[in-house]
1. Report, in listed order, any pair from 519/562; 209/455; 445/524; 397/442 with a Cα-Cα distance greater than 32 Å.
2. Order by neighbour count: 162, 70, 184, fewest other Cβ atoms within 10 Å first, most last.
3. Between the DSSP loop rule and a limit of at most 14 other Cβ atoms within 10 Å, which chymotrypsin sites (Phe, Trp or Tyr not before Pro) in region 387-439 are left?
4. Going through region 425-512, which trypsin sites (Lys or Arg not before Pro) have at most 16 other Cβ atoms within 10 Å and a DSSP loop state?
5. Pick out, in residue order, every one of the GluC sites (Glu not before Pro) in region 81-183 that is DSSP loop and has at most 10 other C-beta atoms within 10 Å; say none if there are none.
Amino acid sequence: MDKNWDEGLADDDPELLDEKRSQLFTRDASLFVIDAAAGMQEYPPSQDPNDRIDEEMPLLHRTFDAILRCLKRKAFTSSDDLVGVIVYNTEETKPDKEGSDIKEHVYCLQPIEQLNGNNIRNLKKLVDGSRADPELLSRKFKPAVFENNRTSMPIGNLYISCNRFFRNNPQTKNASKRIFHITCNDEPQKNAPEDWLTASRTNASSLIKSRQDLLESEIIIEPFFIAPSSSDFDIKTSFDVKKFYAQILPKKENNEDVTDPSMGEGFAKFDNLEEKLRKLEIPKRTSFTHMFELGDNFSISVKGYRTVVDQKFFPYVMVAENKKGELEQTEKETRLQDESKFTLNEITPSEIKQGFVLGDKSSDGALVVSTFLSTVRRLLHFADTIIRTFDLPVGLKLLGFQDIDTLSPLHNVGTASFIYPTEDLIEGSTRTFSALLKSCLKLKKLALVRTVMRKNAAPIISALLPQEEVIDSDDGSQITPNGFYLIPLPFADDLRSVPQIENMKANDEQTEAAGRWLKKLRKKSGYDPKEYENPYFRLLRRNIESQALDEPLDENDVKNDKTLPPIEQMKDRAGGLIDEWKSTLGWDVVKVDPEVEEAKLADVKPNKRKIDATLDNDVDDSAFIQKWRANQLDKCRLDDLKNFCRSHGLKVQGRKSDLIERISAKLESSYGK
């Protein structure tokens, strides 16, 4: 979500709004723009230069490494998105495959195209190679040498080139377009010649003009300003945005003199770049745009998106080996399409496996990976009747207010949505929404609204919980946005009574003993979902990734499950306190020797099934042979059939027809027809 709710909306032509609303961005097109000047390629100081850790590598290397991890995540979360990587301030100029007319010192490393295996492999090869060869990046992206020791090419020319990359690519026409600008140089105009400085006043306007062209093309700039590397451990560096970039950064609402604070300073740590990149790599796609009725003939327009979406299983495809031994996706269950000869080669169903396609299916770089998953059956449930809306319009209607502390976490019966204002339907919605939000925060109130989310949906009562904007004091980035959470509330029919259970009450000694070890094991930061990956999906992604990129599967990837409790750490911190608490309960504290317990488990033998002694194991085969030859085994009792199977070592599980089939096969092999 854009922090500046109404940026650029006030000047839009009303006749164009309907056209913009009708255009649906079905995919995201991201262009990573990376500065390759000397500051990005310098090695920071290291205690062991021959064995550097990631934090001691050049910023350019760490940037490529962060982008590589971003592309790996996007391959699973949004594989249809378009991604490109360009480097600027290089001696060599290289256009994309479309032959875009770009400016000098712009190097297209990867054109804007759908994610595919070749691009990820090539970027991984570059990252691994630069770690082994310190001079690789400086050779491949040799920094340009400008006149009078100028530090950068004109940034306006850079944005012009970016615009042409998007404009000349037909795939980006119906995509949301974003530029991720990464640099550590806060003075790109430094040491520029006088004629360039004179032109820079003109160039400043052309720079703003180039950015305006990007806005008109609906291209958003996401700047990533990194504090440059320091030559000394004790010297802290910073990125001063006021030196140059303040003139092209987004403005705060309609105040032209106030720059967006999130872009005001450079990142104090490189980790902040990766964190922000993780937040912005997938754009927040709007779930709905509704009218919000505040009173009679008084409405505003709001947008919302879901903050939590349940991760589903990855869609698999049917794959089989071709003549070269490579895995290819099959067009049908029993046929494999050979595109080179335009023929269909018959294959058996046993040769077909389940797999995943990573990247663009139409490109040569598409990866097909077989996997171990079984078929996932998807059931679609359709309602027998359509729920009426009582002729209520779709949208929100304000019902009243109540104290925030009256809202219980147990009242949430569905996934909450985050809403913020939009000027798409009603002009002035932003100011009204902001006033309502500030009033609710000041008075510590929440709003009750009637909500009809879509046509043919039943109305529900929801709570609008206000949230204040939180800004990181270190780098000025936004931690939490300002807006309302739309929380669906239960009706009386949804409430369930709690069963009456009478438990034994603990005395004061037991309560105090429990409180001591609880304090030792308390997680002060609380539960942060970002720290815990679904262990199943994490292992599945690593398996697919290791096969697709020819990487060995690290044993730590299998064992490193953060959802498992840290038993040893818990024992170290509170083991003695837990034993004291057990003693207050009267429990015997038994010390378990792991080696002894393991030996006991090894000596345990599996229980064998006991045979009923009442059954007669001496079975007369002649009676069964006679009935078998007369095809009358189905007239035998089930107990007799099972007794015959036991006496001859055959399985006794299954239906009567299964037993008859086993007995017939046994008699045929022993006596013939």
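Each value in this text was obtained by applying a stated rule to the coordinates, not by laboratory testing. Not measured: the values here are computed from a predicted model. Glycine gets a Cβ as well: all are built from the backbone with ideal geometry, and neighbour counts include every protein chain shown.
1. Details: 519/562 21 Å; 209/455 43 Å; 445/524 28 Å; 397/442 22 Å.
Beyond 32 Å between Cα atoms: 209/455.
2. Values: 162 29, 70 20, 184 23.
Result, fewest neighbours first: 70, 184, 162.
3. Values: sites: 390, 401, 418, 433; in loops: 390.
Within region 387-439, the qualifying chymotrypsin sites (Phe, Trp or Tyr not before Pro) (loop, at most 14 other Cβ atoms within 10 Å) are 390.
4. On the way: sites: 431, 438, 442, 444, 445, 450, 454, 455, 496, 505; in loops: 444, 454, 455, 496, 505.
Those satisfying the criteria are 444, 454, 455, 496, 505.
5. Values: sites: 91, 92, 98, 104, 113, 135, 147; in loops: 91, 92, 98, 104, 135.
Listed in order of number, the matching sites are 135.
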